[in-house]
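Each reported figure results from applying straightforward, stated rules to the coordinates on display, with no laboratory input. It should be emphasised that the depicted structure is a prediction, and the values quoted were computed from it without experimental measurement.
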């Protein structure tokens, strides 16, 4: 049996190494765990902040977010969760959507959704913490 | 136990639940009127149900996710260990949710 001809000088192993079905290797796997660890560490402070906000009015909420550590904790959590859910939803899409065009559109919509939610939340926190 | 689909389902629920979180933050940054709208919603029966469900989904997904860390590290593959961690995530998620809500009602005076 003849091996298929290839114009590349790289060996077949070098071409596929660390890429896999996602074409991006294990980077998403790693980031999914990185953001999960981040949120595990942040969950207790975040719950404390949310409990502080329970029952307060808008002025009280704004006051709480004017605290620098609280704003930073919430920003870290939002970045980690938006990234985590972007990867998670992409896995779900890739598992269930098999039409290539619909899959690409779904993955794109997923990116838009996560970035929009994250940016809107970040903007709101920065606005409150800078007291504008 | 077929709890892996619950992990995925809670993940998807949390995904769309972030809309509520973003709405709440934007309202807090916008002004008293917008914030009162959010409070009217979260104070309603449906709103409370959704926020309670969100709390459970978050805590369950967290504990259920911790099982994956154990598996990633190469432990917990025995049937008894898998069952134990799965029940732990299920019971722990419900217990912590109830605990958080008890604290919320205590400090917030019933929201």
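Some observations on this one:
- GNM remark for chain A: springs join alpha carbons under 10 Å apart, and the peak mean-square fluctuation among A:105, A:118, A:59 falls on A:59.
- Cα long-axis angle, helix B:32-43 against chain B (0 to 90 degrees, to the nearest 10): 50 degrees
- Just checking the listed ones, B:86, B:18, B:97: in the Gaussian network model of chain B with Cα springs under 10 Å, the one fluctuating most is B:18.
- Alpha carbon centroid spacing (whole Å) that separates region B:6-81 from region A:57-132: 13 Å
- Across region B:2-108, Cα-Cα pairs more than 21 Å apart make up 46 percent of the total.
- Candidates A:40, A:11, A:26, ranked by Gaussian network fluctuation over chain A, Cα under 10 Å, top entry: A:11
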